[in-house]
Amino acid sequence: MSLFLLTLAESGERKSAVDKPALYPVLRREKRLIDEHEPRRRDYDREMDAWKAARADALRSGGKERNKAAIARALSDVGDEPEAPLAPVLLASEPTFEGLAKLLANGQPSIGLFSAEGGQFIGGHAMNADNRLKTSAGMSSLWDGAPLDRVRAGDGASKLYGRRMSCHLMTQPRVAAELLGSELINEQGLIARFLIAQPESTAGSRV
């Protein structure tokens, strides 16, 4: 499931204070994934070194005649390349869309773009004039649950299914106006995918 939220509130309205307990289970799970990742990465590095050495021996096993069938049998005995452990990141606050796509390819199958300082994302690299259309289109596609295409000269081509992203940006109304007032982003359809809330101020009335 993908859910896009935008909360508007002035500074001092306790956005961060409310966000921390709400995200606590996610942060705890992410910390556990990070703790588990390091030993798994060390095991993977050792397995990869052993696999490379075994593969090199297999390629030499055909003898002087370089018998293709013998080499193929030796490579089959070596087995497939070890799989790297997934990146342990669940939350991002100021990613580029390329970074999100790479994380969804190499990491967990779902990611949260959550920030109590949403202005960092709205005013950041991903949403500047050069990248605004690409980021908006990409986020809309993830919200829709569409397969994620990755075609790059260096990384080759792939299509990722079952990847999801949720988003919650908390920001001041004047900063949000940069996003909400963008004709390009509105025409692209990204704003229509957000649930937007602007709670009444509690400044001066909190216990």
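Here is how the numbers come out for the structure above:
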{"quantity": "Long-range HN-HN contacts of G107 with modeled amide H, under 5 Å", "calculated": "A87"}
{"quantity": "All lysines inside 23 Å of K20 as judged from Cα atoms, apart from same-chain residues fewer than 8 positions distant", "calculated": "K31"}
{"quantity": "Calculated mean projected area of the Cα convex hull in nm² (choose from (i) 14.1; (ii) 12.4; (iii) 15.5), label", "calculated": "(iii)"}
{"quantity": "Cα-based helix-to-principal-axis angle, 132-144 vs the chain, degrees rounded to 10", "calculated": "80"}
{"quantity": "Accessible area per residue in Å² at 1.4 Å probe, computed on region 168-207", "calculated": "65"}
{"quantity": "Percent of beta bridges antiparallel (DSSP, the chain, rounded to nearest 5)", "calculated": "20"}
{"quantity": "Mean separation of Cα contacts under 8 Å (6+ apart) over length of the chain, as relative contact order %", "calculated": "33"}
{"quantity": "The chain: angle of helix 68-78 to the longest principal axis, Cα-based, in degrees nearest 10", "calculated": "50"}
{"quantity": "Protection proxy ranking, peptides 37-46, 5-14, average beta carbon neighbours within 10 Å, highest first", "calculated": "5-14, 37-46"}
{"quantity": "Dipole magnitude of the chain, debye to nearest 20 (Cβ charges: Lys/Arg +1, Asp/Glu -1, about Cα centre)", "calculated": "520"}
{"quantity": "Positive dipole terminus of the chain, leading residue within A137, G204, A56 (C-beta point charges)", "calculated": "A56"}
{"quantity": "With every protein chain in place, region 14-135: carbon and sulfur % of accessible area (1.4 Å)", "calculated": "52"}
{"quantity": "Contour excess over end-to-end distance, with Cα ends at A17 and R174 and 0.36 nm allotted per residue", "calculated": "54.4 nm"}
{"quantity": "Scattering profile of region 20-102 at q = 0.24 Å⁻¹ [log10 I(q)/I(0), Debye over alpha-carbon scatterers]", "calculated": "-1.09"}
{"quantity": "Potential lengthening between A84 and L184 on full extension [0.36 nm per residue; Cα-Cα distance subtracted]", "calculated": "32.1 nm"}
{"quantity": "Full-extension gain in nm, R152 to I34, via 0.36 nm per residue minus C-alpha separation", "calculated": "39.7 nm"}
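The values are calculated or read from the model by the stated rules, or taken from the named source; none is laboratory data. Values in this document were obtained by computation on a predicted structure and should not be read as measured data. Ideal geometry is used to build each Cβ from the backbone, glycine not excepted, and the neighbour counts take in all protein chains shown. Please note that ligands, DNA and RNA were not included when accessible areas were found on the heavy atoms of the full protein model with its side chains. Shrake-Rupley method; radii C 1.70, N 1.55, O 1.52, S 1.80 Å.
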